[in-house]
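Undergrad: Mind having a look at this structure? Questions to follow.
The values are calculated or read from the model by the stated rules, or taken from the named source; none is laboratory data. Keep in mind that this is a model prediction, so the values were computed, not measured. Every residue, glycine among them, receives a Cβ derived from its backbone with ideal geometry; neighbour counts consider all protein chains shown. The accessibility values were calculated without ligands, DNA or RNA, using every heavy atom of the protein model including side chains. Shrake-Rupley method; radii C 1.70, N 1.55, O 1.52, S 1.80 Å.
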Amino acid sequence: MRIIFSRKGFDSASGGGPSPIVQGRPLSLPIPSSGHSATSYADLGLGQYAEIASRGRVRASDPCHHDPMFLDDGTCLFGQCGAAQTHLRNQGVREGDVFVFFGLFRDEGKGAPHHRIFGYLEVDRIIDLATCSSAEREAFAAHKHPHALGMYARNDTIYCGKGRAAQNASPELCLTAPGGPPSLWQRPDWLRPGELSYHDRADRWRDANQLQSVARGQEFVAPIGRRQKPRKWLEKVIHRIIAQPSRK
């Protein structure tokens, strides 16, 4: 089994700023579209937040790359292509593996930006959009998934399975170490040096269970095999994601 830490959403390079945490709920802002899109920020109810986070460089009416896509039936659709998809394939990602989506967030424009987990996907199916049936591709296109609306690369792929977006901003979903810059993580104690793709350099693995994550990159794969400790961590993360926010 593999856990994939998958970076998504606005940041300083894509969009211009952190996604917001609004009334205790993280709202991941999709990156601006660079290709096929039938969805604007306004369509998702994120128009004003995108304009604020980007300091006006992104408008509510602009098309966005709505991916990952969390459906009302508890299904998640996630597309990948190009070098990032090649990396996932080379790492052996398959059915039964779990994506943990993270991004850059800040609490309603206040406080320090930080990396936090905002959703997950348990992979049930992997669909090669170049070879799948037209009916299957049309089914994804009906959801306006950008990778099904048009090919970005010859290896366009959609991962499909059970998944949810976080309903709360639990401290346990925060990756950034206390007081650190966003890219300095308080890593889970089961994640051992050298066990995360793109993080082979020894100097990234700091004392006190800290990890200096790479500045760019999308998919970081951690093979966990049959180990129980990372599975228990993942169960706890999913429980925190699906928990409803507390009512005051």
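Undergrad: State the dimensionless ratio Rg/Rh of segment 95-207 (Rg: radius of gyration of Cα atoms; Rh: Kirkwood radius).
TA: Dividing the radius of gyration by the Kirkwood radius yields 1.05.
Undergrad: With each label point set 7 Å from Cα along the Cα-Cβ vector, what nm distance links ALA60 and ARG89?
TA: The modelled label-to-label distance comes out at 4.2 nm.
Undergrad: Convert each backbone phi in segment 69-80 into a coupling constant with the Karplus relation 6.51 cos²θ - 1.76 cosθ + 1.60 (shift: θ = phi - 60°), then list the ³J(HN,Hα) values in order as whole Hz, x for Gly and Pro.
TA: Listing the rounded values in order: 10, 9, 8, 5, 8, x, 9, 10, 10, 9, x, 8 Hz.
Undergrad: Distance in nm between label sites at VAL22 and HIS143, each 7 Å beyond Cα in the beta-carbon direction?
TA: 2.2 nm
Undergrad: Can I ask one more? Mind jotting down the distance between the C-alpha centroids of segment 1-49 and segment 76-149, whole Å?
TA: 13 Å
Undergrad: Could you calculate the contour length gain from ASP73 to MET151, that is, 0.36 nm times the residue separation minus the distance between their Cα atoms, to one decimal place in nm?
TA: 25.5 nm
Undergrad: How much of the accessible area of the chain, probe 1.4 Å, is carbon plus sulfur, in whole percent?
TA: 48 percent
Undergrad: Give me the net charge of ALA42's neighbourhood, meaning all other residues with Cβ under 12 Å from the Cβ of ALA42; Lys, Arg count +1, Asp, Glu -1.
TA: Result for the local shell: -2.
Undergrad: To continue, here is another question. Based solely on its DSSP helices, what 222 nm [θ] is calculated for the chain when runs of n ≥ 4 H residues each add -39,500 (n - 2.57) and the sum is averaged over all residues, nearest 500 deg cm²/dmol?
TA: Mean residue ellipticity, 222 nm, calculated: -5000 deg cm²/dmol.
Undergrad: Another question about this same structure. With r defined as the distance between the Cβ atoms of ARG206 and LEU44 and R0 fixed at 41 Å, what FRET efficiency is calculated, to the nearest 0.05?
TA: 0.65
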